[in-house]
Amino acid sequence: MRYLPLTDADRRSMLATIGVPSIDSLYRDVPDAARLDAPIDGLPLHAGEMEVERAISAMAARNVPASDVPCFLGAGAYRHHVPATVDYLIQRGEFLTSYTPYQPEVSQGTLQVLFEFQTQVALITGMDVANASMYDGATACAEAVLMANRVTRRNRAVLSGGLHPHYRDTVRTLARFIGFSLDEAEADAAGTEDLAARIDGETSCLVVQTPSVFGHLTDLGPLAEACRAKGVLLIAVVAEIVSLGLLKPPGAMGADIVAAEGQSIGNGLNFGGPHVGLFAARTKHVRQMPGRLCGETVDVDGRRGFVLTLSTREQHIRREKATSNICTNSGLCALAFTIHLSLLGEDGFRQLAKVNHARAVRLADRLAGLPGVSVLNTGFFNEFTVRLDRPAAPVVDALAERGVLAGVPVSRLYPERPDLADLLLVAATETVTDDDEDALLAALRETLR
Amino acid sequence: MNTQGRPTRGAETGASNGETITGNRGLMMEEPLIFEADTPGACGVDLAEPVTADRRLGGLEREGPVGLPGLTEPQVVRHYTRLSQQNLGIDTTMYPLGSCTMKHNPRINEKLARLPGFASLHPMQPMSTVQGALALIDALADWLKRLTGMPAVAMTPGAGAHGELCGMMAIRAALEHHGQTDRTHVLVPESAHGTNPATAAALGFTVDRIPATDEGRVDLAAFKERLDDGVAAIMLTNPNTCGLFEGDIVDIADALHAAGGYFYCDGANFNAIVGRVRPGDLGIDAMHINLHKTFSTPHGGGGPGSGPVVLSDALAPFAPIPSVVHGPEGLRLAEQTEGETAHSLGRLKGFHGQMGMFVRALAYILSHGADGLRQAAGDAVLNANYLLARLGEELTAPFPGPCMHEVLFDDHFLKDTGVTTLDMAKALVDEGFHPMTMYFPLVVHGALLVEPTESESKATLDAFADTVLALARRAKAGDAEYFAGAPYLTPRRRLDETAAARKPILRWTPPAPESQAAE
């Protein structure tokens, strides 16, 4: 087996050194009844690289990659161009095959990357500090609610009706099992909800996604003021991080915590994972933050260096008193994010956002011109909601047959709301071409005829 | 180019003290923060012009710059290449971090995970366009069920700790379903990973520690003593964190089940027993599997991981959504808590799990096959026992062997030398090895937990053993001063972690303009 360096001669000699007759005898503590004496029946035996590649490539070939067709899907995962440099650099073995940087002397590379990542996240969100990443946007959002509960010592979170249903459901699961209450606003397809009226002195946090899952933009300023007056933390959720190249950052509008999905920068769609959760907060709450943090320090020779820090919040030190049970973060995805954002830089990040927004503006205008289609949004970034004259899901399926991934039918996210079944979420990023646009328009026109 | 045949052999003058003008040391480059390398206006991408100048931002446009630095592509490549060179990885050297299973990461797995048919799939595409992806998840799930002898598996948890959360939520959901909400205690051995008590406590359980025997196993008598109708579950790692198989595990499971509790097994150490023991045969109700350990998906400097949870029949109805189900039109995702998933504990993260990790894990599994997985586990255990035998010459093992895939030493052998476990680890770094896990598990003093994995050759194990033995002898010979200063040859040495925590600096901030700085 190509991955196993021991030869049979090695094994014999090592067993002799140990003083046992066989590898099996090393398993003598296993109860006899549970010990298997041969490979498990009915499973294939080892295979060469070529055979494995064939088997798995055959599965890949049965899918329609979003990169191959006109694609207008969003709803929390976005098709963007990732420069080849990013994937080349993250595959360097020193990054790819290293562990969490608990040993700083042999991990300054990963640690400096995390320090740069934390700085980048703080800069684009307009916040003071950020952690070294979370599993994804939904879990970052759920951890933000838990943090707000700790900070405020209150137990009721208010969720906007514009929050992605997967984020809402992830929070809901924690609410049920960890024990706090939720006030969930109705799905806000129109972008008109009044959230300030829902908060009071019992509320720990108000969770608002902007752009919302329906694409609407929210000025967080007035909400932040309302929250401050009642001692409530404002959690801003950003599911499309590229939007911050063009939009006012949540930190500048008074958010206390930002929970975001970073997939759009540096990371592929990957059928939904792995992605990378971003988490930023105010300095005064740093000791209540979940997840790993990298900090600057000096070494014994007085040189600047980096270490994981404030680990007394974490499970491996605090055990049952930890702020979160999280152990792993999304290190390699955070590295990809950092490298891509470094390539973009100030000018590229802002330009990328402009290109995205312009694509969406033009597409919205063209779609609005189709019979049977209306656009719900007045403001949006690179994704908006359209109303069709019939249920959207069958239309999406029909367009998929024609080789166009038209968008996400709202019924997939809100199956319990038949009144929203005619709605379709449409996203347009820099990867959309004029031809893609034409293909969508033509296919939609014919299907709606 | 040396086309003239000039002699390149230098004189042995000993004149250099290792100091250089740049601070670089040969192949080891000093590298500033990316923010300190800013060239305003430089950019590493070339983007098209926007197709329209119209804006629909409702007056919420960003004002002022973000503050990101500008760099071109070659500058970015060099920066991160240099940073990578300040890291150790499995590709570089043996990485015997106990409890972490730092094994070889095959590159075919990377290649396959990057096929557009997986990497470029949007999670919300119509089911008809992702049948191959669902089939891959289903195939991996089938392998995991067969390898563990368990009837069900939840694929969505994002990492091991997330899997623990999932498994313990399933147990809570089952207790609630059966009206047993007065079962509020979770028993956790003293040697457990920190995530175990953290998970149980996060879910509102009271954590009770159960003691270990002198042989490093759960004290069965004390465990049985503790069982009553307030016990919800035990969380037990097997093989345990001392690297030992819990031989009483079936008795533990029987007694626990008789008392109405559920058995959560921390599967972090599954690598020792794959293909040799099925957790399902041991009476386990839930166990997470770290795909980034046992099935070799790269650790990536701290994630992303993936932590599927196998479940018994008793817990299967409570598995999280979404899950892949077989239907009349092929495979589909059950994304709502209704019908067959009506009792589901709910959603744990966005979308459908760590697909990129699933592809890598399945490639690893297919490469090994049932025979190769069994051999890999056996080799991992053989390597650990070989190190136990060889290192036992100078080091002290708190428990007799055989061990499983990792071997535990305490710091008894360092008594009165003035050298600590930490010093030993730092000295190993200079010798070109990643240190072992230190001070974990907590049940022995000054723990050194060594997990070589099956990826190391006998020659590497011998080199490692020779090095550790020589260091141990050096410590015993009274050279504590050497150890106190180690490592000497790394990019940074003995960083001040206390100062970092006392006054945290968690981000770069631009230097104050000179006029202000002068004031």
- Query: Quick check: anything in segment B:435-446 buried (at least 16 other Cβ atoms within 10 Å of the Cβ), touching a residue at least 60 places away in the same chain (Cβ under 8 Å) and more than 30 Å from A:ASN131 (Cβ to Cβ)?
  - Reply: yes
Flagged in segment A:101-131 as touching a strand residue (DSSP E or B) at 6+ places or on another chain (Cβ under 6 Å), in a loop (DSSP other than H, G, I, E, B) and within 7 Å of another protein chain (Cβ to nearest Cβ), in numbering order, are A:PRO101
Just to be sure, is B:GLU164 within 14 Å of B:VAL309 (Cα to Cα) and either among the acidic types (Asp, Glu) or in the same structural domain as B:LYS458 (by TED's automatic domain parsing) (or both)?
yes
For the structure I just gave you, tell me whether A:ARG62 is more than 8 Å from chain B (Cβ to nearest Cβ), more than 23 Å from the chain's Cα centre (by Cα), basic (Lys, Arg) and surrounded by fewer than 23 Cβ atoms within 10 Å (Cβ to Cβ). no
If we take segment A:137-243, then helices (runs of 4 or more DSSP H) inside it with 2 or more residues that are more than 30 Å from B:HIS177 (Cβ to Cβ) are A:137-152, A:220-230
Expected single match for in a helix (DSSP H, G or I), in the same structural domain as A:GLY268 (by TED's automatic domain parsing) and within 22 Å of A:LEU246 (Cα to Cα) among A:ALA364, A:ALA334, A:ALA358, A:ALA353 is A:ALA334
Return yes when B:GLY149 is surrounded by fewer than 23 Cβ atoms within 10 Å (Cβ to Cβ) and on the phi > 0 side of the Ramachandran plot and no when it is not. yes
Of the conditions (1) at pLDDT 95 or above; (2) surrounded by fewer than 21 Cβ atoms within 10 Å (Cβ to Cβ); (3) out of contact with any Ser or Thr (no Cβ under 9 Å at 6 or more places or on another chain), the single one that B:LEU187 does not satisfy is (2)
How many residues of segment A:66-100 are in a helix (DSSP H, G or I) and free of Cβ contacts under 8 Å to residues at least 24 places away in the same chain? The answer is 4
Only unsatisfied item for B:HIS368, checking (1) within 28 Å of A:HIS164 (Cβ to Cβ); (2) at pLDDT 95 or above; (3) at the interface with chain A (Cβ under 8 Å from one of its Cβ atoms), is (1)
Within segment B:364-400, restricting to residues that are in contact with a strand residue (DSSP E or B) (Cβ under 8 Å, 6 or more places away or on another chain) and part of a loop (DSSP other than H, G, I, E, B), the one that is surrounded by the fewest Cβ atoms within 10 Å (Cβ to Cβ) is B:PRO398
Listed by first then second residue, the pairs whose first member lies in segment A:123-135 and is free of Cβ contacts under 8 Å to residues at least 60 places away in the same chain, whose partner is assigned to a loop (DSSP other than H, G, I, E, B) and surrounded by fewer than 24 Cβ atoms within 10 Å (Cβ to Cβ), with beta carbons under 7 Å and at least 6 positions apart or on separate chains, are A:LEU123/B:VAL66; A:LEU123/B:GLY67; A:LEU123/B:LEU68
Within segment A:399-428, the count of residues that are crowded, with 24+ Cβ neighbours inside 10 Å and more than 10 Å from chain B (Cβ to nearest Cβ) comes to 4
Within segment B:420-470, residues out of contact with any strand residue (DSSP E or B) (no Cβ under 8 Å at 6 or more places or on another chain), part of a loop (DSSP other than H, G, I, E, B) and not hydroxyl-bearing (Ser, Thr, Tyr) come out as B:GLU431, B:GLY432, B:PHE433, B:LEU442, B:PRO452, B:GLU454, B:GLU456
Within segment A:80-95, of all residues that are within 20 Å of the chain's Cα centre (by Cα) and buried (at least 23 other Cβ atoms within 10 Å of the Cβ), the one farthest from B:ALA427 (Cα to Cα) is A:VAL86
Filtering segment B:125-181 down to residues that are without any contact (Cβ under 8 Å) to a residue 12 or more places away in the chain and of a type in the set (A, V, I, L, M, F, W, C) yields B:VAL130
Every listed condition ((1) in contact (Cβ under 8 Å) with a residue 40 or more places away in the chain; (2) not in a strand (DSSP E or B)) holds for A:LEU425 save (2)
* To do: Scan segment A:223-240 and give yes if some residue there is among the acidic types (Asp, Glu) and either touching a residue at least 40 places away in the same chain (Cβ under 8 Å) or at positive phi (or both), otherwise no.
  => yes
Exercise. Does segment B:294-309 contain at least one residue that is assigned to a strand (DSSP E or B) and either of a type in the set (A, V, I, L, M) or within 9 Å of another protein chain (Cβ to nearest Cβ) (or both)?
Worked result: yes
- Task: Please indicate, with yes or no, whether at least one residue in segment B:30-38 is of a type outside the set (A, V, I, L, M), more than 30 Å from B:ALA376 (Cβ to Cβ) and modelled with pLDDT under 95.
- Result: yes
B:ASP142 vs (1) under 20 Å from the mean Cα position of the chain (by Cα); (2) part of a helix (DSSP H, G or I); (3) at pLDDT 95 or above: all pass except (1)
Restricting attention to segment A:351-368, the residues that are at the interface with chain B (Cβ under 7 Å from one of its Cβ atoms), in contact (Cβ under 8 Å) with a residue 40 or more places away in the chain and over 21 Å from the mean Cα position of the chain (by Cα) number exactly 5
Cβ pairs under 7 Å, 6+ apart or interchain, first in segment A:281-306 and facing another protein chain (nearest Cβ under 8 Å) and over 22 Å from A:SER330 (Cα atoms), second of a type in the set (D, E, K, R) and part of a strand (DSSP E or B), ordered by first then second residue, are A:VAL298/A:ARG304
Filtering segment A:376-418 down to residues that are touching a strand residue (DSSP E or B) at 6+ places or on another chain (Cβ under 8 Å) and basic (Lys, Arg) yields A:ARG387
Practice item. Could you tell me whether segment B:234-255 includes any residue that is free of Cβ contacts under 8 Å to residues at least 24 places away in the same chain and closer than 24 Å to B:PHE440 by Cα? Key: no
Only one of (1) part of a loop (DSSP other than H, G, I, E, B); (2) more than 9 Å from every other protein chain (Cβ to nearest Cβ) does not apply to B:LEU331, and that is (1)
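The values are calculated or read from the model by the stated rules, or taken from the named source; none is laboratory data. Nothing here was measured: the structure is a model prediction, and the numbers come from that model. Here the Cβ is made from the backbone with ideal geometry for all residues, glycine too, and neighbour counts use every protein chain on show.
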